[in-house]
2 protein chains.
Amino acid sequence: MPNITNDPNSVLDDIAEKASIFEGKEAVRTILREIFLNGTIGTKSLSRKLRMPIPTVAATRKELEKIGLISREKKGAILTEKGLIFVNEALGIYYLESHYCKKCESTGIALPHEAEKLIAKQRLYSERRPKPQTEIDQAFGRPITAIRRAYLMLENNDLEGREILLIGDDDFTSLAIAQLKTNAKITVLDIDNRLLEIIKEISTENNFKINCVTHDLRKPLPENLMNRFDAVLTDPPYTIPGLELFLSRAIQALKNESGRKIYLAYAHRPPKMQLEVQSSLTKLGLAILQLIPGFNLYEGAEMHGNTTYISILSTTESTKPLITLDFSEKIYTGELNPTIREYQCKNGHVSEIGSSLEIKNIEELKEKGCPVCGDKDEFTRVSRRKIKENAK
Amino acid sequence: MPNITNDPNSVLDDIAEKASIFEGKEAVRTILREIFLNGTIGTKSLSRKLRMPIPTVAATRKELEKIGLISREKKGAILTEKGLIFVNEALGIYYLESHYCKKCESTGIALPHEAEKLIAKQRLYSERRPKPQTEIDQAFGRPITAIRRAYLMLENNDLEGREILLIGDDDFTSLAIAQLKTNAKITVLDIDNRLLEIIKEISTENNFKINCVTHDLRKPLPENLMNRFDAVLTDPPYTIPGLELFLSRAIQALKNESGRKIYLAYAHRPPKMQLEVQSSLTKLGLAILQLIPGFNLYEGAEMHGNTTYISILSTTESTKPLITLDFSEKIYTGELNPTIREYQCKNGHVSEIGSSLEIKNIEELKEKGCPVCGDKDEFTRVSRRKIKENAK
C-alpha cells in the first residue's frame with residue numbers, strides 16, 4: 001500500500017485495481033468525495049448519484065473498508081477518522097455543500113404542482129405493466145421520468161400541434177404525454193404486444209388517443225410511418241448496433257428536413273464508450289443540442305445505477321439512416337455481451353446469474369431470493385466474466 | 001400569402017423566407033410560441049431565451065408585424081387577435097406555463113446564498129476589465145456566469161485538490177474560482193496582457209494565487225504547461241479552426257490519461273454547424289458528458305443572443321491533439337467570416353459595420369450612436385453580406 005498522505009493518487013489507483021473497476025482512480029476519488037458530502041450514504045444512492053453501476057460502487061466500497069478509510073453503519077458507508085484525514089489532507093476535499101438543484105433535480109425541468117397528480121396516475125398505470133423482459137433490454141422507467149420527459153418535450157416546443165413517435169415504450173411515456181392533454185398526435189411502436197395491449201386499455205379508459213403499432217424494429221418501418229413525424233423519443237438497447245438501428249428507423253420516421261428532434265435516452269458509460277456513441281451520432285448526421293445526465297430513473301437497471309441520460313438530437317442537412325433494410329445482427333446487451341456474474345448472499349451462498357441462465361439479472365435474484373437460504377436482503381457481486389461468443 | 005388557418009406551415013415558411021433567416025420555419029414557430037407564453041416580450045429577451053441571434057429575432061418580428069400576427073407595445077411584441085387565433089388554432093399551441101427552472105436557471109447548478117456576495121465582488125472585478133477586443137473574439141461573460149462556472153467545476157469534483165488551466169480568460173473565471181477558496185491551483189493563459197495585468201492586480205489585493213502566462217495559442221504550449229493539468233476551461237473563438245486549435249492545446253496541457261475534463265463554452269448554432277463541432281470533438285477523441293444550453297451569459301455577443309452553452313468533455317483512450325506545432329491559419333470570426341452589416345437607426349439613417357470597418361459591431365454602434373443623428377436607442381439590421389476573401 002503506497003503512503004496514504006504523500007501519494008494519494010497511487011492509493012486511489014491501488015484501490016481501483018484491487019476492486020477491478022475499469023472506471024479507474026477517478027471513480028474512487030468521486031466515491032470518497034460523495035461519502036464525505038453525505039456523511040453516511042448507501043450503495044444504491046451512491047450509485048445513482050454518481051451514475052455508476054452498483055457493482056462498481058460496491059466493490060470499491062469493500063476495498064475502501066479493507067484499508068480502513070471507511071466503515072459501515074446501518075445507513076451505509078461513513079468515513080473513518082483516517083478516511084477523513086485522507087479526504088481532507090491528501091485529496092484536498094473540504095467543501096461540504098452540494099449545488100445540485102433540488103427543485104428540478106438538476107434536469108432543468110421544474111415540475112409544476114399539478115405534476116404530482118399526473119405522477120400518481122402514472123404510477124397506477126405503471127403498476128399494470130407486466131414483468132420486464134430483460135432479454136430485450138426492457139427496464140421500466142419510473143413514473144416521474146415519464147412525466148418529466150413529457151414536460152421536457154412540451155418545453156422544447158415538440159408536443160403542441162405535433163405528430164410524435166415513441167420507438168419502444170416500456171416506460172409508458174406515451175401515457176404521460178397523453179396526460180398533458182395537448183393536441184399532440186401520439187404513435188407508439190413496440191415489439192412487445194403485452195405492453196401495447198395495456199397502453200390501449202388505459203387509453204380507452206381515459207379517452208386518450210394513442211395509435212399502437214406492434215413492430216419488430218429489425219424489419220423496415222411500415223410505409224405509412226415514414227417521413228411523417230415531428231419528433232421521436234426512444235430509449236434503445238445500450239449497444240452500438242441497437243443505437244444505430246433505432247436511430248436509423250427514427251430518422252426515416254421523421255419528416256425529411258433539418259431541425260426535427262430525437263429525444264434519446266442512453267446509459268452513462270465510461271468516456272471511451274460515450275465517444276463511440278458520439279461517433280455513431282456523427283455518422284448518422286445527428287447534432288447533440290443538449291445532454292442531461294441523470295435525467296431518466298428506472299425501477300430496475302442496477303447495472304446503470306438505475307439512471308441514464310437524455311439527449312436532445314436534431315436532424316441536419318447531412319442526416320441519413322445507416323440501416324434501411326432488414327437488420328439481422330445482434331442488438332441486445334445479452335446477445336452482444338453475454339456475461340455470467342456471481343453474487344453472494346449475506347450468508348455466503350454464491351449464485352450465478354446471466355442472460356443465458358435461469359436467473360437473468362440481479363433484480364430477479366433479489367426477487368426470488370438466494371436459492372440456498374432464501375435471503376433477499378443483500379447480495380454482493382464476487383465475479384463477472386464474459387462468455388465467449390462460441391460458447392453460446 | 002398562404003391561407004393562415006389551413007396551411008400554417010407555409011405561412012411559417014413564407015415568413016422565414018421574407019425575413020431571410022436561415023433558421024427556417026421552426027424559428028418562426030418558436031418565436032410565436034414564446035411571445036404567446038410571455039404576453040409581451042422584447043427582442044433582447046426573446047433572443048436570449050430562444051438562443052437566437054438578435055437580428056434573426058428582429059427580422060422575424062418585423063415580418064410577423066407586417067402580416068398582422070403581432071403588434072408592438074412599449075414592452076415589446078404582443079400577439080394580435082389574428083395572431084392569437086393563428087397560434088392557438090393553426091399551430092395548436094395553448095399551454096401557458098413554462099417549466100424552465102427558475103432556481104438554477106435550468107443550468108442544474110443551484111447557487112447557494114453566499115453566491116450573491118461572490119457575484120457582487122465579481123462585478124467589481126469585472127468593471128475593471130478594459131474594452132473587449134472584438135477582433136480576437138473577446139466578449140465579456142457576466143459575473144454570474146463566472147461564479148456559476150466555478151460552482152459547476154466544484155460540483156463535478158474538478159476544483160478541490162486539482163490543478164486547473166484557463167485557456168483565455170476574458171470572463172475572469174479564474175477570479176471566480178479563486179473566490180471559492182478551494183485549494184485549486186489556477187493557471188491562466190491569455191494573449192491579451194491587459195487582462196492578465198488586472199487579474200494579477202486583483203489577485204494581489206485579495207491574496208489569491210493565480211499563475212498568469214501571456215501566450216499566443218497559435219504557438220505551441222510552453223513546455224512547463226504540458227501534461228500537467230486535471231481540468232481545463234475555455235471559451236474559444238466560435239470557428240472550427242479556433243475550436244480545434246484551443247482544444248488541441250487543452251489536450252496537451254491535460255494529464256495524459258482518460259477521464260480528464262474540458263469545460264467548453266461554445267455558441268448555439270444551427271444543427272448543421274453544431275454537427276461540425278461534434279465532428280471536431282469526435283476527431284479529437286473527446287466525449288461529450290454533458291451539454292447545458294444557455295449556461296453562459298455575456299454582456300456583449302448579441303450575435304449569439306448574449307448566451308452560449310457549456311459542455312463538459314472528457315478525454316478518452318483515443319484523445320489526441322489535431323495541432324501540435326505552430327498554427328498559421330485564421331481562427332477568429334472576423335478573419336474567417338468577414339461581413340458587412342447595415343443597420344438603420346430609428347430616424348432612418350443607415351450605418352455600415354464590420355470587422356474591417358471603423359465601427360466593428362453593433363455594441364460599438366450602440367455606444368457611439370448613429371453617426372448622423374447620434375441616436376442610440378434602437379437599430380434594426382437591414383442587410384448583411386459576406387466580404388469575399390480577395391476583397392479584404
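Taking the criterion of being facing chain A (nearest Cβ under 7 Å), of a type in the set (A, V, I, L, M), surrounded by fewer than 23 Cβ atoms within 10 Å (Cβ to Cβ) and assigned to a strand (DSSP E or B), would at least one residue in the range B:296-308 satisfy it? Break it down into steps so the answer makes sense when it comes.
Restricting attention to the range B:296-308, the residues satisfying the condition of being facing chain A (nearest Cβ under 7 Å) are none.
Within the range B:296-308, none of the residues are facing chain A (nearest Cβ under 7 Å), of a type in the set (A, V, I, L, M), surrounded by fewer than 23 Cβ atoms within 10 Å (Cβ to Cβ) and assigned to a strand (DSSP E or B).
Only a single criterion out of (1) more than 14 Å from chain B (Cβ to nearest Cβ); (2) polar (S, T, N, Q); (3) without any contact (Cβ under 8 Å) to a residue 12 or more places away in the chain; (4) under 19 Å from A:Tyr263 (Cα atoms) is not satisfied by A:Thr204, namely (4). Select, from B:Lys117, B:Lys103, B:Lys121, the only residue that is surrounded by fewer than 18 Cβ atoms within 10 Å (Cβ to Cβ) and either within 19 Å of the chain's Cα centre (by Cα) or closer than 30 Å to B:Gly39 by Cα (or both). Just one listed residue meets the conditions, B:Lys103.
Out of curiosity, is A:Leu118 within 14 Å of chain B (Cβ to nearest Cβ) and either closer than 21 Å to A:Leu189 by Cα or in contact (Cβ under 8 Å) with a residue 40 or more places away in the chain (or both)? For A:Leu118, the condition - within 14 Å of chain B (Cβ to nearest Cβ) and either closer than 21 Å to A:Leu189 by Cα or in contact (Cβ under 8 Å) with a residue 40 or more places away in the chain (or both) - is met.
Among the residues making up the range B:34-63, those that are within 11 Å of chain A (Cβ to nearest Cβ), within 23 Å of the chain's Cα centre (by Cα) and either assigned to a helix (DSSP H, G or I) or of a type in the set (Gly, Ala, Ser) (or both) are B:Glu34, B:Leu50.
Each row is one residue, and each column tells you yes or no for (1) in a helix (DSSP H, G or I); (2) in contact (Cβ under 8 Å) with a residue 60 or more places away in the chain; (3) buried (at least 21 other Cβ atoms within 10 Å of the Cβ).
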| residue | (1), (2), (3) |
| --- | --- |
| B:Ile186 | no, no, yes |
| B:Leu189 | no, no, yes |
| B:Leu233 | no, yes, yes |
| B:Leu245 | yes, yes, yes |
| B:Arg249 | yes, yes, yes |
| B:Glu257 | no, no, no |
| B:Glu276 | yes, no, no |
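Restricting attention to the range A:153-172, and to residues there that are out of contact with any Gly (no Cβ under 8 Å at 6 or more places or on another chain) and within 17 Å of A:Thr308 (Cβ to Cβ), which single residue is nearest to the other protein chains (Cβ to nearest Cβ)? Restricting to residues being out of contact with any Gly (no Cβ under 8 Å at 6 or more places or on another chain) and within 17 Å of A:Thr308 (Cβ to Cβ), the top hit is A:Met153. Limited to the range A:260-269, what total is found for residues that are within 10 Å of chain B (Cβ to nearest Cβ) and surrounded by 21 or more Cβ atoms within 10 Å (Cβ to Cβ)? Residues that pass the stated criteria total 2.
Answer yes if at least one residue in the range A:274-281 is more than 14 Å from chain B (Cβ to nearest Cβ) and touching a helix residue (DSSP H, G or I) at 6+ places or on another chain (Cβ under 9 Å), and no otherwise. No. Filtered by the rule that a residue be within 22 Å of B:Tyr95 (Cβ to Cβ) and either at pLDDT below 95 or not β-branched (Val, Ile, Thr) (or both), the range A:183-202 gives A:Asn183, A:Ala184, A:Lys185. Summed over the range A:244-257, residues that are touching a helix residue (DSSP H, G or I) at 6+ places or on another chain (Cβ under 6 Å) and within 13 Å of A:Leu286 (Cα to Cα) total 2. In the set (1) within 14 Å of chain A (Cβ to nearest Cβ); (2) part of a loop (DSSP other than H, G, I, E, B); (3) of a type in the set (Lys, Arg), B:Arg148 fails one condition alone, (2).
Within the range B:71-115, the set of residues being among the β-branched types (Val, Ile, Thr) and within 14 Å of another protein chain (Cβ to nearest Cβ) comprises B:Ile85, B:Val87, B:Ile93, B:Thr107, B:Ile109.
No other residue among A:Lys131, A:Lys82, A:Lys117 is basic (Lys, Arg) and in a loop (DSSP other than H, G, I, E, B) apart from A:Lys131. Yes or no: A:Thr204 outside any loop (DSSP other than H, G, I, E, B) and over 29 Å from A:His304 (Cα atoms)? In short, yes.
Going by what's in this entry, would B:Lys131 be described as more than 14 Å from every other protein chain (Cβ to nearest Cβ) and free of Cβ contacts under 8 Å to residues at least 12 places away in the same chain? Answer is yes for this residue.
In the set A:Leu233, A:Leu247, A:Leu254, A:Leu275, only one residue is in contact with a Gly (Cβ under 7 Å, 6 or more places away or on another chain) and at pLDDT 95 or above; that residue is A:Leu275. Tallying residues that are of a type outside the set (Val, Ile, Thr) and within 30 Å of B:Tyr332 (Cα to Cα) within the range B:107-133 yields 12.
The values are calculated or read from the model by the stated rules, or taken from the named source; none is laboratory data. In this text, all values refer to a predicted model and were calculated from it rather than measured experimentally. Don't worry about glycine lacking a Cβ; one is built from the backbone with ideal geometry, like all the others, and counts go over all protein chains shown.
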